[in-house]
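Asker: One structure is given below, represented as structure tokens, and several questions about it will come after.
What follows draws every value from the coordinates through simple rules; no lab data is involved. Every value quoted in this text rests on a predicted model; they were computed, and no experiment measured them. Cβ atoms come from the backbone with ideal geometry, glycine included; neighbour counts cover every protein chain shown.
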Amino acid sequence: MRELFRALPSVDACLNAMDGVLRELEAPHTRSRELINRFLDSCREDIRSGAVSSPAELEADRLMPRLEAFLRKGLRPSLRRVLNATGVVIHTNLGRSVLARRAIEAAVTAASGYCNLEYNLETGSRGSRHTLVDGLIRTLTGAEAALVVNNNAAAVLLVLDTLCKGGEVVVSRGQLVEIGGSFRIPDVMARSGALLREVGTTNRTHLSDYARAINENTRALMRVHTSNYRVIGFHTEVSLEDMVRLAHDHDLPLLEDLGSGSLIDFSPWGLPGEPTARQVISSGADIVTFSGDKVLGGPQAGIIAGRAELIDAMRSNQLLRALRCDKMTLAALEATLRLYLDQEKALAEVPTLHRMTMPPAELKRRAEKLHRTLRRAIDRDYAEFSLVPGYSRVGGGSFPECDLPTTLVRVLPLACTVETLRSRLLHTDPPLVARVESGTLLLDPRTLEDHEFPALAQVLAEALTYRIQPEAKDM
Ligand SMILES: *Cc1c(COP(=O)(O)O)cnc(C)c1O
């Protein structure tokens, strides 16, 4: 064992051997030393545990490739580009919406110099970030006023904290949803200091249930979009119009948390059932809240639109300071909303919209192109490729159960199991995330760009033939 320990290279020898790699990665010296020390420690641990038992395993040609993989992994950023072949357009785990080119440019411009974030260029005095995009939101939703915060959860919190604190807000039990990442609407409501008054049952709530719950402490009636599931069968929800009438009869505001909240009616594309923010406002809802990075296709943000007097109250709520967006978000949101002024333009240029509405014929053509790219790049001994009809999903809790027809490239690995393939693909650069079904990997062109096909073919080839550097142990 002593001999094995002595066979390990010194830190300086490792630094020398890795000089080229470390230069390429522009690695800071202290960080490189630290990583090399950690790597050598793990080698010593392997020697002690018996995992390494012969000096041959510690020779440079075996050890240095492992060290290189360890350094590359340790020196790269944590947040990385990922190839999304799942066909889930608004993939909550993969960063939701991809921004439009104009939105990216606007964020870069805002970040790379000073800007009038809180400076009124008419008067040369202090301005408010909260008035930068409210005009556009008013135009696009028909609301009297609007306000933007960090995300939709923050929007719900601000609305309830401002309008319902210390009082009761009436919600149907059928709408007390958990929307993933253990975000539960009832918990956020409780944080606002509003008391949740639950009415009805999971599958049926009637107007009379709401009416009976109203008392002198009631501050609002609220509807929550049941984003990620759909109740089918014996099921009743009260219509928005009926709830508006009931709320207004009692001088209460009707709040609607739309979740996804689109600005376009998608029924022509076979995506029915999601009301637009404009429809909700024109049906008389006093406040509507929705996300900036779900179906809207913009940056992470929470949009609040509705009656001016209620929005004004939210603007003077001290909590707003903790929930406000930064300049890059506001810039990207403004650029995205400007695209919506021309619906055709929005559908063409906002990636989320473009992908949701991509015609099946185009998806088929693109799947064929991906199929050709893969067959050219990958040896037949390693995988069989075929085209199969299938479905994509919108994701992000939007349009649950709506199947979007697509064409998938099916990959049947021949030299490893599909589970092995899947896990190797998490370690390629960039990593590739795809669906696995009956022993095959399914690639959906809907969530890929054509220019990503060659990179996809390369990482898939690496994973199928296992030419990736053996990953050093996790750090
Ligand atoms: C997604 C969602 C939220 C939370 O929105 P974030 O932008 O993720 O904070 C709140 N309510 C509903 C109904 C949702 O679908």
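Asker: Report for the chain the percent antiparallel among DSSP-assigned beta bridges with both residues inside it, nearest 5. Write out the running numbers ahead of the final one.
Answerer: Details: 31 of 54 bridges.
Close to 55 percent.
Asker: Rounded to a whole number, what is D in µm²/s for the chain from Stokes-Einstein with the Kirkwood radius over alpha-carbon pairs (10 °C, 1.306 mPa s)?
Answerer: Working: Rh = 25.6 Å.
Value of D from the Cα-based Kirkwood radius: 62 µm²/s.
Asker: Each label point is 7 Å from the Cα along the Cα-to-Cβ direction; what then is the distance between the points at Ala361 and Tyr114, in nm?
Answerer: 5.5
Asker: OK, next. Return one number: the angle in degrees, 0 to 90 and rounded to the nearest 10, between the long axis of the Cα atoms of helix 327-340 and the longest principal axis of the Cα atoms of the chain.
Answerer: Orientation of helix 327-340: about 70 degrees from the principal axis.
Asker: Kirkwood hydrodynamic radius of the stretch 324-473 from all distinct Cα pairs, in Å? Please list the in-between numbers first.
Answerer: Details: mean 1/r = 0.0584 Å⁻¹.
The Cα-based Kirkwood calculation yields 17.1 Å.
Asker: Nearest 0.05, what FRET efficiency do Ser267 and Arg76 give at R0 = 35 Å with Cβ-Cβ as r? Write out the running numbers ahead of the final one.
Answerer: Working: r = 44 Å, r/R0 = 1.25.
Given R0 = 35 Å and the Cβ-Cβ separation, E is 0.20.
Asker: May I pose another question? Once Lys and Arg get +1 and Asp and Glu get -1 on their Cβ, which of Met1, Ala455, Ala434 lies farthest toward the positive end of the dipole of the chain?
Answerer: Looking along the dipole axis, the top candidate is Met1.
Asker: Under unit Cβ charges (Lys, Arg +1; Asp, Glu -1), what dipole magnitude, rounded to 20 debye, does the chain have relative to its Cα centre?
Answerer: Details: 58 positive and 60 negative charges, 151 e Å.
Dipole size: approximately 720 debye.
Asker: Give me the number: length gained by fully extending Ser208 to Thr92, i.e. 0.36 nm times residue separation minus the C-alpha to C-alpha distance, one decimal in nm. Let's see the in-between values first.
Answerer: Values: separation 116, 0.36 × 116 = 41.76 nm, distance 3.67 nm.
Here the answer is 38.1 nm.
Asker: Taking the Cα centre of the stretch 1-74 as origin, work out the dipole magnitude from +1 charges on Lys and Arg Cβ and -1 charges on Asp and Glu Cβ, in debye rounded to 20.
Answerer: It works out to roughly 200 debye.
Asker: Nearest 500 deg cm²/dmol is fine: what mean residue ellipticity at 222 nm does the chain get from its DSSP H runs of n ≥ 4 alone, each adding -39,500 (n - 2.57), divided by its residue count?
Answerer: Values: 20 runs with 196 residues, N = 475.
For the chain, the value works out to -12000 deg cm²/dmol.
Asker: DSSP loop chymotrypsin sites (Phe, Trp or Tyr not before Pro) in the stretch 22-116 with at most 16 other Cβ atoms within 10 Å of their Cβ, which ones?
Answerer: Taking the stretch 22-116 and a limit of 16 other Cβ atoms within 10 Å, the loop chymotrypsin sites (Phe, Trp or Tyr not before Pro) found are Tyr114.
Asker: Give the calculated FRET efficiency between Glu122 and Ala322 to the nearest 0.05, with a Förster radius of 22 Å applied to their Cβ-Cβ distance. Provide the component values of the computation, followed by the final result.
Answerer: Values: r = 29 Å, r/R0 = 1.30.
In this case the efficiency is close to 0.15.
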